[in-house]
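In what follows, a single structure is set out as structure tokens and then discussed.
The values are calculated or read from the model by the stated rules, or taken from the named source; none is laboratory data. Computed from a predicted model, the values in this text were never measured in an experiment. Every residue, glycine as well, gets a Cβ built from its backbone with ideal geometry; the counts of neighbours run over all protein chains shown.
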Amino acid sequence: MSQALHLNDQGEHVRVHQGHLNDRLHAHGDPQIEVNGTCNAQTIERSALAAWFLGALDATIETVQDGTISPGVQAMIADPDSRDDAQRQRATARRGHSFTSANGSSSQFRIVPCDEWGALAPTARITRVGRPGKIIFHHTDGHHAELDHQPGDTLEEAIAFARAIQRDHMHRHPAYIDSGHNFLVTRSGHILEGRHGSLAAIKDGVMVQSAHCVGQNTHPGIEHEHVNPEGMTAIQREASLFLHAFICRHTGIDPNAIHGHGEFNATECPGALKPELAEFRQELARRLAH
Ligand SMILES: [Zn+2]
């Protein structure tokens, strides 16, 4: 571990690093890389991600993204126990945040806050209600409007969907003061804040009063873009797991306390996603255990 690794280096040294890297990626709930003894672009990109969630300095991460994995970064990935206090503190501060790789694609997911998607202002004050104890799982029973007539949805379409749902909620009788739900996960894995203040509240370990499930509106409600009989898309499921884990880590909600809307109200919601919930809870528990 005394030598730096560079993009396109080959050999046993690279193979050993790739093995350690996979251990860290597994522990963090990220996909594995191929262990092939070649320091390819994927090895560089995933090493940068690991350095980020293990608490390396931003300048160090940039060096990795530029194609050099220093002995220090290799050591941190091989043995996280060797990290110093500053690295551990940075790692803790980065939990629940997303890392953006050099090519601009997000290796995790990002929660788009209301002020970035043009949400209308709420018509009354949003109130905080303390620490939540469960998460309510919903489906939209509808799809986003097709803006570009291409398969899949763009961020613009996800935003249009969030706006349409908010408009609908605020024009009901009686009207909601804002989006009823707290978060929306679209089929292409975009995550958008619903009711204003939800994201900030979760970061503080609490919730805001919402309007998605009668009797349970002091607990976060997550809408999933979905129409029967489809299942969740793979990226949507990953995004939802990321969001659920983010909420559970900040609030202490037990991963077993993820409930379908229909468990509380007379509704079919979340429709054909109901049978997926048991396995979803198990996967969430596995990820939270690391
Ligand atoms: Zn529902």
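Restricted to the range 6-30, and to residues there that are at pLDDT below 95 and hydrophobic (A, V, I, L, M, F, W, C), the residue that is nearest to residue 75 (Cα to Cα) is 25. A count restricted to the range 220-232 and to residues that are out of contact with any Cys (no Cβ under 8 Å at 6 or more places or on another chain) and buried (at least 18 other Cβ atoms within 10 Å of the Cβ) stands at 7. Please determine, by comparing only the residues of the range 174-206 that are within 16 Å of the ligand (Cβ to nearest atom) and farther than 18 Å from residue 98 by Cα, which one is surrounded by the fewest Cβ atoms within 10 Å (Cβ to Cβ). Looking at the filtered set, the residue picked out is 176.
Taking the criterion of being surrounded by fewer than 15 Cβ atoms within 10 Å (Cβ to Cβ) and either touching a Pro at 6+ places or on another chain (Cβ under 8 Å) or of a type in the set (D, E, K, R) (or both), the residues of the range 264-281 that qualify are 268, 279. Annotation: of all residues in the range 255-290 being without any contact (Cβ under 8 Å) to a residue 60 or more places away in the chain and touching a Cys at 6+ places or on another chain (Cβ under 8 Å), the one that is farthest from residue 226 (Cα to Cα) is 288. When each of 216, 209 is tested for being away from the ligand (no atom under 16 Å from the Cβ), closer than 27 Å to residue 280 by Cα and either without any contact (Cβ under 8 Å) to a residue 40 or more places away in the chain or surrounded by fewer than 23 Cβ atoms within 10 Å (Cβ to Cβ) (or both), the lone residue that passes is 209. The helices (runs of 4 or more DSSP H) found entirely in the range 10-119 that carry 2 or more residues being buried (at least 20 other Cβ atoms within 10 Å of the Cβ) are 12-28, 41-54, 58-65, 71-78, 114-117. Of all residues assigned to the range 230-242, none qualifies as being within 15 Å of the ligand (Cβ to nearest atom) and touching a residue at least 60 places away in the same chain (Cβ under 8 Å). At positive phi and touching a residue at least 60 places away in the same chain (Cβ under 8 Å), is that true of residue 29? So residue 29 fits the description; yes. Considering every residue within the range 232-245, establish whether at least one is over 23 Å from residue 99 (Cα atoms), modelled with pLDDT under 95 and touching a Leu at 6+ places or on another chain (Cβ under 8 Å). Yes, that holds for at least one residue.
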